[in-house]
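Step one of this worksheet: look at the structure below.
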Amino acid sequence: MDSTEAKEHHGAEHDAGHGHDHHDPGFMRKYIFSTDHKIIGIQYGLTSLLFMLAGFFLIAVMRWSIAFPGEPLPVIGSLLNTFMAGMTSPVLDPETNELIGYAISNDLYNSFGAMHGTIMVFLAVVPLAFAAFGNYVVPLQIGAIDMAFPRLNMASYHLFLLGGLVMLGSFFIPGGPAQAGWTSYSPLATSIPTDGQLYWLIAMVIIITSSLLGAVNFIATIIQLRAPGMTWMRLPFFCWAQFVTAFLLLLAFPPLEVGALLQLMDRVAGTSFYLPTGLAISSMQDVSGGGSPLLYQHLFWFLGHPEVYVLILPAMGVVSEIIANNTRKPIWGYKSLVYSTLVLGFLSFIVWAHHMYLTGMGTKISTFFQTTTMIISIPSVIILTCLFISLWGGSIRFNTPMLFALAFLPMFGIGGLTGLPLGFNYSDIHLHDTYYVIGHFHYVVAPGTIFALIAGIYFWYPKLTGRYMSEFWGKVHFWCSFVFMNLTFQPMFAQGMAGMERRMADGGAGYSVANNPDAIGALADQFLKLNVNITFAAYALGLSQIPFIINLFYSISKGRSVESDNPWQSTTLEWQTPTPPPHGNFTTPPKVFAGPYEYSVPGAAQDYNPQNQKS
Amino acid sequence: MSGHGPEEIKKAMKIYLMVFGILIVGTIFTVLASYIHFDNFALTVGLALLIATVKASFVALYFMHLIEERQSIYLVLGFTTFFFAGLMILTLWASGDKPLYSVMP
Amino acid sequence: MEVPYTVKNRPDTGLYNAKIGIWLFLASEVMLFGALFSSYILLRVTAQEGEWPTELLNVPIGTVNTLVLILSSVTVVMAWASLKLNNFKKFKFYQGLTVICAMIFVMIKSYEYRDKFTHHDVILTNGMRVDGHLVEETSEYIVLSHPLEYPAEKGIGYRPTALHEAEEEANAHGGGHHHTEDRKIMLSDIEKRTNWGPWANTYFAIYFTLTGLHALHVIGGALVMAYFWGPGSRMWKKNPEQFTNRIEVSGLFWHFVDLVWIFLFPILYLL
Ligand code: HEM
Ligand SMILES: [Cu+2]
């Protein structure tokens, strides 16, 4: 971008140092300490994909233990034993007493479970959905040259990385990582002797700080740096979704930060914020007492519930961009989408105690939370309905991004609808802490959010690299993922309704009819057997990602080149830039004249009208 | 917050000093009020928090220029107040509302 | 390439970037301290008899510290106004004063912390509790000054108003007798002993957490303001407008720190 132009446009004083931008900044400045929002977006993207792989690896090991409790881990058993010395359990041949391999111990199962949840939520999906996509796409879509605070942006990423490394570091300490689930409820979390919990808390404080800085940056960017003419109602829905998400992070994360800080105090300063009077645990002598375990749950779920909207809103944003583009029609009910998102944001702060029905709440307060929970499902249904209706009468292009975006709709639908029984306390009493819950929220985040994010990767890839990802392998990836995703999570509903609890290293075998022939309510064999099916489906799901990973890297240099800067014939501003966008993004500062989804405008020469062109 | 001419700034400086005086008086009042032992604990708390809120409002309105600030900032603070109130009230309510046949204290 | 509106206001929002940035940050800070305040309230209303001592903190010292912080809030806004009036010297004066106030505040606070950390609470084998300042410690006994004695089940830091008034009366009559005498306690008579740190009970826990987090904010703010007073002020020559904005933004943070204290003072010291 020409600097004189920038001067005219922004009218800001430039100091003398200006103009040095054109020197080659060197590898470190360009890729590690970059302040360019696009590089930072890519950094976030690659890091969070790696974390997602790690999270998947953990669950793959756990699934083995669930399906085949006590049997030695194939392939990686001895490797695991080398790295996590003392936490695996050696398996001996019953007859010869020879060592035949290693299984994971129950403690290690707990560690892996806690880390799977934590890594997937805080280090994989949120950074990918919010930070990676947000960073890359939002400034482009609003027509800005960068984020409002580029250096703060860099700091956010570095803090995120640091937090992630501290979290991973806990795998290598004696005692292993945290074991109290991704929720880290006290007093359990405080009393487990491993220092992994300490790492967890410190890492969480760092990650939260990073998210807070990121949230400030996004909101300031969207408020301040919209291009001339980009009014609020011309903002692409993706930006709206990110905007509301940023607010959720900004206001919901601090209470969790407090929750973590107080637990940190309980661990290191001997306080009793969460430790009640008379607590008797052998590993914790001499606590002063007087604390409240429920306080932690309140602070945790005050974040926890908005967090699920942090996971889902950016995904909805991505999906609506792709649907509008590939149906060649305006999104149906743009305003309803925007207002529903705002309402969703508001309400998500006053439903949190639906996660706490079993803590002995009174009837009045639980009525309140049931009511708000039911109300909040309305805007979600409106959003989904708008997206469904948008398909009506469109001439749909079934390319890979669109397939994933389309699959998002029913998958998120299943996830959302199965949530309703969890929102009523009388049905939740039965379903709480069972595999039904696991099935429910995985439908929301895995075939829901992750499908949407994968769709986003296929969709924006040509802008990043100037090349398409392979359509053929994309479709292979899609169909395999779609089938195995459902085979993985669908049976969990049945298991949960049959009463199979979550967080059990033996997958419920201890409660089976076989082991408890006289017990009422023991787990019937047919549900237990599903564990094996699920495990193999999960492995197949993992294998289905291999074409994607290869495609992702192979296509950078070998993919089919794009024909133009706007290969999908899209209206929004990110496509009205050179490919890939240079530092500063636009060749001429964009002005906006039109709404975000002017597809198939009657009487127009072509079937789309970019936002920066007068119609 | 544009157009701060020297005249306005000088006027504002006088206001700052006045607010300073109010804050000192407020502090003294809070301390004095705490030495009066009302029988009603709620009254004691209410009074102390009322004075604190008044003082805080003066700081926010004048020192932080909220009184002449832009709508977008009011909006942000409005949200925050709403969520803050939700956090306070609902947690308290939850801790007070016990099941009918509770064994808990 | 420069990000627009770092210095000038954007016409339609009427704000420059850092202004909206700091307010958003403060919004998250409101939720941070808000969550701590709710924790305080929840812990306090669910506390059992004897678990929540009151009147343990030194009100005059707290009052002085409140006034120091209020003063610093005035000086910081005056510093900004001086820049608006193009008076750099006055700015230096006020900004310097602010940093000094911050240092005084931290010093007073650490004195108070020390006071609590050296205050010991002892449960005797005979079921009584004594608390006082540790003045001597050997392998056989400890000596507490200004000791108070009461039944152990009254809870840590028991200070009934009556006891207080009796003490005052005694002081008015030429000094209370047994209160001011040091008390020597044999270790063999002690069942349990702790000092008034955050581990002593939930009240101290929340007291130290709230004030500690607040003190961290004070220190952070003071560092930033000292920087703008010193090396950072060179920007005034190059870009006075941006420098004035920076002072305004750091000032907004500082006022917030003051504002938090305005609530902390009554809830911790007075109620
Ligand atoms: C795609 C492959 C995935 C599979 C096969 C999978 C499977 C599972 C299973 C079986 C559990 C229950 C473990 C137990 O209760 O012992 C679990 C827990 C969990 N998963 Fe996943 N998951 C996947 C992806 C994700 C993603 C993408 C997220 C989040 C965004 C996620 C978040 C969680 C959380 C929060 C828990 C609860 C951990 C706890 O009990 O504390 N998972 N997962
Ligand atoms: Cu929820």
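See the values below:
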| item | result |
| --- | --- |
| Ordering of A:316-327, A:171-182, A:509-520 by packing [mean C-beta count within 10 Å, highest first] | A:316-327, A:171-182, A:509-520 |
| Chains C and A, summed buried accessible surface - 1.4 Å probe, Å², nearest 100 | 3600 |
| Carbon/sulfur fraction of accessible area - the protein assembly as shown, other protein chains in place, 1.4 Å, % | 66 |
| From phi via Karplus (6.51, -1.76, 1.60), per-residue ³J(HN,Hα) for the range A:393-407 in Hz, x at Gly/Pro | x, x, 9, 7, 8, 8, 8, 4, x, 5, 4, 5, 5, 5, 5 |
| Degrees, to the nearest 10: C:59-84 long Cα axis against longest axis of chain C | 0 |
| For the range A:364-422 versus the range A:92-152, the gap between their alpha-carbon centres in whole angstrom | 25 |
| The range B:6-69, accessible area per residue, ligands and nucleic acids excluded (1.4 Å, Å²) | 57 |
| 1.4 Å probe accessible area per residue over chain C, in Å² | 40 |
| Counting DSSP beta bridges with both ends in the protein assembly as shown, the antiparallel % (nearest 5) | 95 |
| Shielded residues, the range A:345-362 - accessible-area loss of 30 Å² or more between chain alone and all protein chains, probe 1.4 Å | A:Phe346, A:Phe349, A:Ile350, A:Trp352, A:Gly360, A:Gly362 |
| Ordering of B:10-22, A:524-536 by packing [mean C-beta count within 10 Å, highest first] | A:524-536, B:10-22 |
| Net charge over other residues, Cβ less than 13 angstrom from the Cβ of A:Val258 (K, R count +1; D, E count -1) | -3 |
| Extension reserve of the A:Thr96-A:Thr385 stretch, reckoned as 0.36 nm per residue once the Cα distance is removed | 97.8 nm |
| Summed residue charge, Cβ within 13 Å of A:Ala353's Cβ, Lys/Arg positive, Asp/Glu negative | -1 |
| Residue-normalised accessible area of chain A, expressed per residue, 1.4 Å probe, Å² | 37 |
| Distance between the range B:3-67 and the range C:68-134 - C-alpha centres, whole angstrom | 19 |
| Solvent-accessible area buried by C and B, counting both chains, probe 1.4 angstrom, square angstrom | 4200 |
| FRET efficiency for B:Asp97 and A:His430, using Cβ-Cβ distance with R0 set to 22 Å, rounded to 0.05 | 0.45 |
| Angle in degrees between helix A:196-224 and the longest Cα principal axis of chain A, rounded to the nearest 10 | 20 |
| Accessible-area ranking of A:Cys239, A:Cys480, largest first, probe 1.4 Å | A:Cys480, A:Cys239 |
| Inter-chain shielding of A:195-207 (mean C-beta neighbours from other protein chains, 10 Å cut-off) | 0 |
| Cα→Cβ-extended label distance, 7 Å offset, between C:Met235 and C:Thr138, nm | 6.1 |
| Loss of accessible area when B meets A, both sides summed, Å² nearest 100, probe 1.4 Å | 1600 |
| Theoretical FRET efficiency, 1/(1+(r/R0)^6), r = Cβ-Cβ of C:Phe117 and A:Ala605, R0 60 Å, to 0.05 | 0.15 |
| Net charge contributed by nearby residues that have their C-beta within less than 15 Å of B:Phe41 (K/R +1, D/E -1) | -2 |
| Degrees separating the helix A:293-327 axis from the principal Cα axis of chain A, which is the longest one | 40 |
| Cβ neighbours within 10 Å from other chains - mean over A:67-78 | 0 |
| Peptide C:50-63 - average C-beta neighbours from other chains (10 Å radius) | 1 |
| Cβ crowding within 10 Å averaged over residues, with A:218-224, A:595-601, A:384-390 ranked highest first | A:218-224, A:595-601, A:384-390 |
| Prolate/oblate/rounded call for the protein assembly as shown, Cα gyration tensor, a/c under 1.5 rounded | oblate |
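The values are calculated or read from the model by the stated rules, or taken from the named source; none is laboratory data. Please read these numbers as outputs of a predicted model, since none were measured by experiment. Here the Cβ is made from the backbone with ideal geometry for all residues, glycine too, and neighbour counts use every protein chain on show. Just the protein is used for accessible areas: all its heavy atoms, side chains included, with ligands, DNA and RNA removed. Shrake-Rupley method; radii C 1.70, N 1.55, O 1.52, S 1.80 Å.
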